[in-house]
Amino acid sequence: MKKSLLIFTLLFSTVMFSSPSYAKWIKVVEGVNGNTFYVDFERIRKHGGYVYFWNLNDYLKPDEYGMWSSETYNQVRCSRLLYKKLSVSHHKEPMGGGIGVTHTSKNPEWKNLTLYSRWELILKKVCSR
């Protein structure tokens, strides 16, 4: 039983947090600090009135922890443009390369958009698909 659970967990994590080489990242916006933000429009899913999508943040310089990029799995309520970050994977290589350090929130809170922010641009593009 434990072996089956381990195999299931490994298969699930392989599919859920697949390599960025399988993603088709489309540039959505570039920040004033030079960071670039992408969305994989092919992996957008709709379920139960919500939209789920992956985005990639590629940093011009590494952050204070030496990370060059992060991938985030998000849930969106398009009718009100609210979002939750369900899971974040931080990478020591650009464009989500290398093995990521993943953090999953057990009970993430809904976040409101800041007008004219990168999240507003990203969510409007995701919700219009």
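The values are calculated or read from the model by the stated rules, or taken from the named source; none is laboratory data. Nothing here was measured: the structure is a model prediction, and the numbers come from that model. Cβ atoms come from the backbone with ideal geometry, glycine included; neighbour counts cover every protein chain shown.
Scanning the range 109-129 for residues that are of a type outside the set (Ser, Thr, Tyr) and closer than 20 Å to Asp40 by Cβ turns up Arg118, Trp119, Glu120, Leu121, Ile122, Leu123, Lys124, Lys125, Val126, Cys127, Arg129. Within the range 26-36, identify whether any single residue is among the hydroxyl-bearing types (Ser, Thr, Tyr), more than 14 Å from Ile122 (Cβ to Cβ) and at pLDDT 95 or above, and answer yes or no. Looking through the range 26-36, none of the residues is among the hydroxyl-bearing types (Ser, Thr, Tyr), more than 14 Å from Ile122 (Cβ to Cβ) and at pLDDT 95 or above.
In the set Glu71, Glu64, only one residue is surrounded by fewer than 13 Cβ atoms within 10 Å (Cβ to Cβ) and either in contact with a helix residue (DSSP H, G or I) (Cβ under 6 Å, 6 or more places away or on another chain) or among the charged types (D, E, K, R) (or both); that residue is Glu64. Can you tell me which residues in the range 42-64 are touching a strand residue (DSSP E or B) at 6+ places or on another chain (Cβ under 7 Å) and either part of a strand (DSSP E or B) or within 21 Å of His91 (Cα to Cα) (or both)? Across the range 42-64, the qualifying residues are Arg43, Arg45, Tyr50, Val51, Tyr52, Phe53, Trp54, Asn55, Leu56, Asn57, Asp58, Tyr59.
Selection of first residues in the range 67-83 that are assigned to a strand (DSSP E or B) and of second residues that are among the aromatic types (Phe, Trp, Tyr) and at pLDDT below 95, restricted to Cβ pairs under 8 Å at least 6 apart or on distinct chains, gives the following pairs, ordered by first then second residue: Glu71/Phe17; Tyr83/Trp119.
Candidates in the range 49-95 are the residues that are of a type in the set (Ser, Thr, Tyr) and over 12 Å from the mean Cα position of the chain (by Cα); of these, the one that is nearest to Lys124 (Cα to Cα) is Ser79. Only one of the listed residues (Tyr52, Tyr65) is in contact with a Leu (Cβ under 9 Å, 6 or more places away or on another chain) and not polar (S, T, N, Q). That residue is Tyr52.
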